[in-house]
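Engineer: Mind having a look at this structure? Questions to follow.
Quick note: the coordinates plus some simple rules give every number you see, no bench work behind them. What you are looking at is a predicted structure, and each value in this text was computed from that prediction instead of being measured. A quick note on method: Cβ atoms are made from the backbone with ideal geometry, for glycine too, and the neighbour counts reach across all protein chains shown.
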Ligand code: SF4
């Protein structure tokens with residue numbers, strides 16, 4: 001966890017008072033909606049179908065129990081008692097009143113939470129692997145570097161009005177849980193042959209209308225130079241990125257039009273000018289930031305405690321197998337809390353659930369909670385002997401569905417139920433699918449399968465990189481859905497392939513069932529994953545199966 | 001549009017001259033094309049010269065004239081177009097321009113802090129109320145996180161200073 005000091009707190013309160021002033025000027029009519037728009041957007045405030053939506057950042061997906069409790073309190077006081085966790089380590093409130101927003105912000109600021117740059121054409125919330133600092137095998141904790149970059153990009157005077165939004169993600173693991181290849185900048189922490197810490201830098205990933213997988217523009221930028229390198233990328237983009245067409249304004253288009261090599265050369269030329277400047281991340285700064293992340297006082301605990309062995313409830317064993325991952329410390333585990341109950345809206349949590357999870361974090365996870373881009377939460381520091389007790393408590397509040405990474409662990413955007421840009425609903429599609437695949441044995445037999453749903457081409461549900469992607473489109477005023485298969489968001493990121501003509505709302509779940517049945521019939525072995533079967537077979541057999549009878 | 005310099009509203013000594021109009025005596029503000037067409041002659045005349053530089057043209061082209069230009073006016077066609085922030089920083093920090101750097105176009109109060117930090121020192125403000133609020137708005141943030149040419153101490157500098165004090 002990162003502790004804010006006086007300086008950060010002073011900054012946040014200045015930010016709240018600035019926004020209070022902006023809201024007052026909007027309410028009095030001094031600011032037009034157009035002028036207010038870019039200001040509210042820089043504070044995470046969108047105008048949705050029914051109300052203002054407020055998007056709050058959870059930098060690098062780390063929360064303290066006190067912060068989660070405050071998120072719950074804001075949900076209760078200013079919203080309708082729940083919040084929605086997004087694919088970018090944010091939480092969204094859908095029913096906030098403009099006049100009350102400054103107060104909500106002030107309450108969040110008291111616990112070091114804010115909505116700065118969660119929207120707008122600036123550098124957005126920096127995301128990281130939700131298992132940062134606790135998963136085995138990392139060369140360093142990516143959150144240290146996410147925090148370096150968070151501070152550097154906060155209200156950056158030069159880069160607050162970029163051609164378009166700009167997203168940065170960081171991982172230090174070979175298995176990429178942060179989806180760095182679909183970010184404007186993806187950073188992979190590593191050590192070079194001499195053992196120095198640095199980053200592989202990928203640029204130009206992104207989804208939306210024209211999906212691209214990020215390309216490596218520098219295979220090793222020393223950690224001390226990462227800020228100047230990012231500044232060089234941003235500067236080239238700010239000057240050369242397209243501003244004539246909103247759909248061509250992301251950096252991915254610039255990289256594509258220039259070619260990754262030419263783009264990299266421009267960045268290198270700029271970087272050479274600023275590399276040895278005040279932007280060097282000196283050891284002092286890293287040490288300071290590192291010192292403000294608190295790491296638990298782990299005990300020496302047995303890897304296989306008696307409590308764990310003795311708990312033979314088959315539901316517990318199923319959950320243990322599905323939702324509990326190895327920890328870097330012996331005797332500890334990382335526990336994922338599924339926010340994907342059967343029939344639920346993916347990523348939604350009620351204020352009561354948040355409060356209960358905060359209490360459980362205090363009791364079992366050194367007061368720490370993580371938020372992942374899959375729209376689930378995690379308790380990162382659970383002693384294995386506590387797992388049975390924790391499971392019972394999680395089950396009672398409905399966040400122990402053992403479906404992590406399975407077919408009903410669906411990623412979905414808010415869609416037409418909330419979003420003013422949507423073509424079609426996402427949530428009801430997800431809900432129906434979770435009902436179809438509610439049987440755990442079936443889901444376990446199917447194995448790892450990620451379904452992603454977006455309500456429009458903006459792709460907030462990352463449908464392009466779902467193993468199965470579902471995209472809402474509109475045809476003659478009716479909701480239709482395009483289905484892609486074979487996408488993935490991890491270290492082997494690829495964009496999925498369309499299987500054929502779009503289908504109606506009422507057909508989507510049947511089509512997905514057909515695809516899954518085709519996979520079960522075609523897979524080479526029970527452990528050949530869906531995504532591997534599609535890679536081996538191509539889309540044709542799936543397409544035939546889906547459209548043969550339609 | 002009120003011009004703000006050093007926190008106060010001042011009168012503008014510079015006359016903006018159209019490309020086809022004859023050059024008057026005194027301080028003038030001309031377009032980039034006009035300047036580059038005959039820079040040496042124009043810069044030799046009596047009276048200060050300023051140039052309005054578009055945001056899609058490299059400021060490196062101005063390098064030969066920087067010491068003789070009194071004003072460079074950079075343009076914000078809309079407040080959403082942030083290219084001039086980069087131009088401003090390059091002029092100040094890379095090319096060492098010491099004259100007046102003026103923000104023009106859609107200049108609203110909520111950009112003042114960003115502009116000041118990027119090296120602007122004159123502001124053609126769109127609204128009177130924003131110009132009047134300049135002083136208060138400019139001081140809004142006591143904390144900044146990134147080093148720029150304005151030389152303000154960053155959050156990290158302040159932390160280090162606090163630690164040094166503690167150590168003493
Ligand atoms: S993908 Fe489209 S519908 Fe879904 S949240 Fe994003 S903008 Fe809205």
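Engineer: If N is the number of residues in the range B:1-94, what value comes out of its Cα radius of gyration divided by 2.2 N^0.38 Å? Spell out each step's value before the answer.
Structural biologist: On the way: Rg = 13.5 Å, N = 94, 2.2 N^0.38 = 12.4 Å.
Rg over 2.2 N^0.38 Å, computed on Cα atoms: 1.09.
Engineer: What percent of all Cα-Cα pairs in the range B:42-165 falls into each 10 Å bin, going from 0 up to the bin containing the maximum distance?
Structural biologist: Each 10 Å bin holds this share of Cα pairs: 12, 39, 31, 14, 3, 0.
Engineer: A further question follows. Evaluate 2.2 N^0.38 Å with N set to the residue count of the range A:142-291, then give the Cα radius of gyration divided by it.
Structural biologist: Working: Rg = 14.7 Å, N = 150, 2.2 N^0.38 = 14.8 Å.
Ratio of Rg to 2.2 N^0.38 Å for the range A:142-291: 1.00.
Engineer: Related question: Sorting A:171, A:87 on the 10 Å Cβ count, fewest up front, what's the list? Provide the component values of the computation, followed by the final result.
Structural biologist: Numbers: A:171 26, A:87 23.
With the fewest neighbours first, A:171, A:87 line up as A:87, A:171.
Engineer: Let me ask something else. Can you list, bin by bin at 10 Å, the percent of alpha carbon pairs in the protein assembly as shown, starting at 0?
Structural biologist: 3, 14, 23, 25, 18, 10, 5, 2, 0, 0
Engineer: Shielding by partners for B:146-159, please: the mean number of other protein chain Cβ atoms within 10 Å of each residue's Cβ. Before the final figure, lay out the partial values.
Structural biologist: Values: counts 13, 6, 4, 1, 1, 1, 0, 0, 5, 9, 11, 2, 4, 9.
Mean shielding by partner chains, rounded to a whole number: 5.
Engineer: While we're looking at this one, here's another question. For the range A:269-338, what log10 I(q)/I(0) values come out of the Debye formula at q = 0.13, 0.17 1/Å, with one point per alpha carbon and no solvent?
Structural biologist: Values, matching the q order: -0.64, -0.79.
Engineer: Over chain B, with a Gaussian network built from C-alpha contacts below 10 Å, which listed residue (B:64, B:77, B:22) shows the highest mean-square fluctuation?
Structural biologist: B:22
Engineer: Partner chain Cβ atoms within 10 Å, averaged over the residues of A:160-166 - can you pull that number for me? The partial results should precede the final answer.
Structural biologist: Values: counts 6, 11, 5, 4, 0, 0, 0.
Partner-chain Cβ atoms within 10 Å, mean over residues of A:160-166: 4.
Engineer: To continue, here is another question. If packing is taken as the average number of other Cβ atoms within 10 Å across a peptide's residues, how do A:73-85, A:156-168 rank, most packed first?
Structural biologist: Values: A:73-85: 19.8, A:156-168: 23.2.
So the peptides A:73-85, A:156-168, ranked by packing, come out A:156-168, A:73-85.
Engineer: Rounded to whole Å and sorted largest first, list the principal axis extents of the Cα atoms in the range A:6-109.
Structural biologist: For the range A:6-109, the Cα extents along the three principal axes come out at 40, 36, 24 Å.
Engineer: How would you rank A:228, A:277, going from fewest to most other Cβ atoms within 10 Å of each one's own Cβ? Present the calculation step by step, with values, prior to reporting the outcome.
Structural biologist: Values: A:228 23, A:277 12.
Final ranking by Cβ density, sparse to dense: A:277, A:228.
Engineer: Still on this structure, I have one more. Taking the Cα atoms of the range A:306-396, report the difference between the largest and smallest coordinate on each principal axis, in whole Å and largest first.
Structural biologist: Rounded to whole Å, the extents work out to 36, 27, 22 Å.
Engineer: Could you give the angle, 0 to 90 degrees to the nearest 10, between helix B:155-167's Cα long axis and the longest principal axis of the Cα atoms of chain B?
Structural biologist: Taking Cα atoms only, the helix is inclined about 40 degrees.
Engineer: Here's another thing I want to ask about it. Going by how many other beta carbons lie within 10 Å of each one, how would you line up A:319, A:271, fewest first?
Structural biologist: Ranking A:319, A:271 by Cβ neighbours within 10 Å, fewest first, gives A:271, A:319.
Engineer: Given the range A:382-462, report the % of alpha carbon pairs whose separation exceeds 17 Å. Walk me through the numbers before you get to the answer.
Structural biologist: Numbers: 1847 of 3240 pairs.
Pairs farther apart than 17 Å: 57 percent.
Engineer: Shielding by partners for B:77-89, please: the mean number of other protein chain Cβ atoms within 10 Å of each residue's Cβ.
Structural biologist: Per residue, the average neighbour count from other chains is 6.
Engineer: Percent of Cα-Cα pairs more than 17 Å apart in the range A:99-152, please.
Structural biologist: On the way: 775 of 1431 pairs.
Summing the P(r) of the range A:99-152 above 17 Å gives 54 percent of all pairs.
Engineer: Could you tell me the calculated FRET efficiency between residue A:269 and residue A:3, based on Cβ-Cβ distance and R0 = 60 angstrom, to the nearest 0.05? Don't skip to the answer; put the middle values down first.
Structural biologist: Details: r = 39 Å, r/R0 = 0.65.
E between residue A:269 and residue A:3, to the nearest 0.05, is 0.95.
Engineer: Report, in deg cm²/dmol and to the nearest 500, the calculated mean residue ellipticity at 222 nm for the protein assembly as shown, where each DSSP H run with n ≥ 4 adds -39500 (n - 2.57) and the sum is divided by the residue count.
Structural biologist: Details: 25 runs with 250 residues, N = 718.
Roughly -10000 deg cm²/dmol at 222 nm, from the helical runs in the protein assembly as shown.
Engineer: Once both labels are modelled 7 Å past Cα along the beta-carbon direction, what's the residue A:441-residue B:140 spacing in nm?
Structural biologist: 6.2 nm
Engineer: What's the percent breakdown of Cα-Cα distances in the range A:342-441 across 5 Å bins, shortest bin first?
Structural biologist: The calculated distribution, bin by bin, is 2, 12, 20, 22, 18, 13, 8, 3, 1, 0.
Engineer: Determine, at each q value in 0.09, 0.18 (inverse angstroms), the log₁₀ of I(q)/I(0) that the Debye formula gives when each Cα of the range A:69-207 is one equal point scatterer.
Structural biologist: One equal scatterer on each Cα of the range A:69-207 leads to -0.33, -1.10.
Engineer: To the nearest µm²/s, what D does Stokes-Einstein give for the range A:411-547 at 20 °C and 1.002 mPa s, using the Kirkwood radius over alpha carbon pairs as Rh? Don't jump to the answer; show the numbers that get you there.
Structural biologist: Details: Rh = 14.8 Å.
Using the Kirkwood radius from Cα pairs, D works out to 145 µm²/s.
Engineer: First measure r as the distance between the Cβ atoms of residue B:5 and residue B:152, then evaluate 1/(1 + (r/R0)^6) with R0 = 25 Å and state the FRET efficiency to the nearest 0.05. Don't jump to the answer; show the numbers that get you there.
Structural biologist: On the way: r = 19 Å, r/R0 = 0.76.
E(calc), rounded to 0.05, equals 0.85.
Engineer: Given the Cα-Cα distance of residue A:288 and residue A:258 and 0.36 nm per residue of separation, how much length would full extension add, in nm? Before the final figure, lay out the partial values.
Structural biologist: Details: separation 30, 0.36 × 30 = 10.80 nm, distance 3.90 nm.
Extra length from residue A:288 to residue A:258 when fully extended: 6.9 nm.
Engineer: If I take every Cα pair under 8 Å that is 6 or more residues apart in chain A, average their sequence separation and divide by the length, what percent do I get for the relative contact order?
Structural biologist: Numbers: 1196 pairs, mean separation 69.9, N = 550.
Result for chain A is 13 percent.
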